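Working notes, structure below.
The values are calculated or read from the model by the stated rules, or taken from the named source; none is laboratory data. Just so it is clear, the structure is predicted and the values come from calculations on it, not from any experiment. Cβ placement follows ideal geometry from the backbone for every residue including glycine, while neighbour counts extend to all protein chains displayed. Heads up: the accessible areas ignore ligands, DNA and RNA and are worked out on the full protein's heavy atoms, side chains in. Shrake-Rupley method; radii C 1.70, N 1.55, O 1.52, S 1.80 Å.
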Amino acid sequence: MGSQLTELRYAVRLRVISKYFGQLSLVISVLTLVPLAVALGYAEFDLALRYTVVAAVMAAIGTLLGRIRTGSKVHPNEAMVLAALTFLITSLLMTYPMMGAGLRFDDALFEAISAATTTGLSTLATVEDKSPVFLFTRSWMQWYGGLGVVVLSLALLMRPGLTAKSLAVTEEVTDDLVGGTKAYARRVVIIYIILTGIGIAALLLAGGGLFNAVVYTLAAVSTGGFAPHDASLGHFSGSIIPWLTMLICLACALPLALYGRRERWRVLFHDLQLRGLLLLSLFMSLTLSACMYFYMQQSWGQALYHGPLLALTAQTTTGFATFNLGELDPASKLITILSMAVGGGIGSTAGGIKILRFIILLRLVQLTLVKTCLPPHAVLDQRLGGHRLADEQIRQALLLFLLFFTVITFSWLPFLMLGYDPLDALFDVVSATGTVGLSCGVVGPDLPVVLKAVLGVDMLMGRLEILAWLVILYPRTWFGYRVEES
């Protein structure tokens, strides 16, 4: 049996990796033209030159590798390698223009990783002294980083037949992990662009101004959270803009496939992830409001303002803030940590473990308790939302839980060794791994380089749910039998 499994294991085909990485490089090159145009518009010619270099390098790589001939099908391990390499290379290349804003290499790399992974953590003391081009680019990277995650995760990484996917997607996707999902990916892109347009229009009508409307919407739709103001959404305190922004975040923390359905809205409300996200957001909002009133001595008006906004930004893993989170009481920090860890829906731009996997875990606990009351020979039908849960699918959900908390634990230890407050350090580590972007003040200009590296790795791992990076590190991914036919 062991020898048969060995024969069935295939290493990635370097020709396939090279060809499709070349195609992705061309896309990144085109996307880089947008901040290049903005830099030229603001007469930031030094930054424009840096963006030109990045666009030219990616275009050259894409043109060279795109000529490679290979089959159209991509194996799961090849798709994961492609996704991971795309985020890593994009972050490294965009570090160069980030340094043009006066950042050191380590801060520029941290900022680029945070942008590409739609996290929103920043080590900068202030962003209000930075050029509009720099501020736009961060949000623009989050926008296409979020879009890339949706397209790559639903069009490439998720194999047909997974319960998690069948609950989030209405249509079957063929075994051809590239060709068979082009139409589906196209629909996702259209939905993403429409939501972006609606967000910009809403913030413009609310009086946010064109630049703020664009930058905040790009960060909100991608659930990224980069803001052009040090106070984040607190800059608009007392206006409707924070609430509108959070509605945009909530809309994009739902599976984007929901917006492509033709059923009535009453039917859509039966979607597990939609109900789960709304109910959990409501519960966290009330709980945080109560904690702020009783423990932080805020008035009910303040608590009912800041509590729901914090709950929504944490649950959707966006990372906008309306006040200094270092002022949070321990109970509120713990609640926010749990909210950030769970995150949004599968097939959305949100991070975290995902609502659906959390529901699967709760269902598994329920079934275990029910089984204790049944005769030994009784058989339970493991169903969730009308879909049968196979043992393999439950195992995968539990595996991701284990990997997520393993990464958090080992990332937390260096902070404890260097004397950081345990709860504050845990808050920021979960924020990085869940690609949230909220911080209790641990992440800042004085953060040691080694801890910047730890959080950078956390952000990259969290964006692709860890497994893709383990695939890259697995020796048999690179060495072994290769199937060259398409």
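Does the stretch 30-38 include one or more residues that are open to solvent by 60 Å² or more (accessible area, probe 1.4 Å) and hydroxyl-bearing (Ser, Thr, Tyr)? No, that holds for no residue. Of the set (1) at pLDDT 95 or above; (2) under 25 Å from ALA213 (Cα atoms); (3) of a type outside the set (Phe, Trp, Tyr), all apply to MET284 but (2).
Within the stretch 190-209, work out how many residues are assigned to a loop (DSSP other than H, G, I, E, B) and open to solvent by 30 Å² or more (accessible area, probe 1.4 Å).
Looking only at that region, the number is 3.
Hey, any hits in the stretch 97-119 for a residue that's assigned to a helix (DSSP H, G or I), more than 14 Å from the chain's Cα centre (by Cα) and of a type in the set (S, T, N, Q)? No; the residues of the stretch 97-119 include none that is assigned to a helix (DSSP H, G or I), more than 14 Å from the chain's Cα centre (by Cα) and of a type in the set (S, T, N, Q). If LEU47 passes every condition in (1) within 15 Å of THR137 (Cβ to Cβ); (2) in a loop (DSSP other than H, G, I, E, B) but one, which one does it miss? For LEU47, the failing item is (2). Of the residues that make up the stretch 298-309, is at least one closer than 27 Å to GLN142 by Cα, touching a Gly at 6+ places or on another chain (Cβ under 8 Å) and not small (Gly, Ala, Ser)? No: the stretch 298-309 contains no residue that is closer than 27 Å to GLN142 by Cα, touching a Gly at 6+ places or on another chain (Cβ under 8 Å) and not small (Gly, Ala, Ser). What pairs come out if I take residues in the stretch 384-396 that are polar (S, T, N, Q) and pair them with residues that are modelled with pLDDT under 75 whose C-beta lies under 7 Å away, six or more apart or interchain? What qualifies is GLN393/LEU162; GLN393/THR163; GLN393/ALA164.
Considering only the stretch 351-365, I want to know if a residue exists there that is assigned to a helix (DSSP H, G or I), under 16 Å from the mean Cα position of the chain (by Cα) and closer than 29 Å to TYR420 by Cα. Checking the stretch 351-365: not a single residue is assigned to a helix (DSSP H, G or I), under 16 Å from the mean Cα position of the chain (by Cα) and closer than 29 Å to TYR420 by Cα. Go through the residues of the stretch 297-304 one by one and say whether even a single one is assigned to a helix (DSSP H, G or I), modelled with pLDDT of 95 or more and within 20 Å of GLY225 (Cα to Cα). No, because not a single residue in the stretch 297-304 is assigned to a helix (DSSP H, G or I), modelled with pLDDT of 95 or more and within 20 Å of GLY225 (Cα to Cα).
Where helices (runs of 4 or more DSSP H) fall entirely within the stretch 367-481, those with at least 3 residues that are surrounded by fewer than 19 Cβ atoms within 10 Å (Cβ to Cβ) are at 391-417, 449-463, 467-473. Applying a threshold of 6 Å to beta carbon distances and a minimum spacing of six or more residues, or different chains, the list of pairs starting in the stretch 293-307 at a residue that is within 13 Å of PHE323 (Cα to Cα) and ending at one that is in a helix (DSSP H, G or I) and polar (S, T, N, Q) reads ALA303/SER289; GLY307/SER285; GLY307/SER289. Quick check on LEU244: is it hydrophobic (A, V, I, L, M, F, W, C), within 27 Å of ASP129 (Cα to Cα) and open to solvent by 10 Å² or more (accessible area, probe 1.4 Å)? Yes.
For the stretch 199-225, the set of residues classified as touching a residue at least 40 places away in the same chain (Cβ under 8 Å) and more than 17 Å from VAL133 (Cβ to Cβ) consists of GLY199, ALA202, LEU203, ALA220, VAL221, SER222, THR223, GLY224, GLY225, listed by residue number.
Restricting PRO97, PRO76 to those that are at pLDDT 85 or above and of a type outside the set (A, V, I, L, M) reduces the list to PRO97.
Would you say SER339 is small (Gly, Ala, Ser), within 24 Å of MET461 (Cβ to Cβ), modelled with pLDDT of 95 or more and not in a loop (DSSP other than H, G, I, E, B)?
In short, yes.
Taking the stretch 334-362 as the range and being open to solvent by 60 Å² or more (accessible area, probe 1.4 Å) and free of Cβ contacts under 8 Å to residues at least 60 places away in the same chain as the test, the residues that pass are LEU338, LEU362. Does the stretch 58-92 hold any residues that are part of a loop (DSSP other than H, G, I, E, B) and under 28 Å from the mean Cα position of the chain (by Cα), and which are they? Of everything in the stretch 58-92, those that are part of a loop (DSSP other than H, G, I, E, B) and under 28 Å from the mean Cα position of the chain (by Cα) turn out to be SER72, LYS73, VAL74, HIS75. Criterion applied to LEU380, LEU369, LEU426 was being hydrophobic (A, V, I, L, M, F, W, C) and at pLDDT 95 or above, and the one residue passing it is LEU426. If you check THR322 against the conditions, is it open to solvent by 20 Å² or more (accessible area, probe 1.4 Å), among the hydroxyl-bearing types (Ser, Thr, Tyr) and on the phi < 0 side of the Ramachandran plot? Taking the combined requirement at face value, the residue satisfies it.
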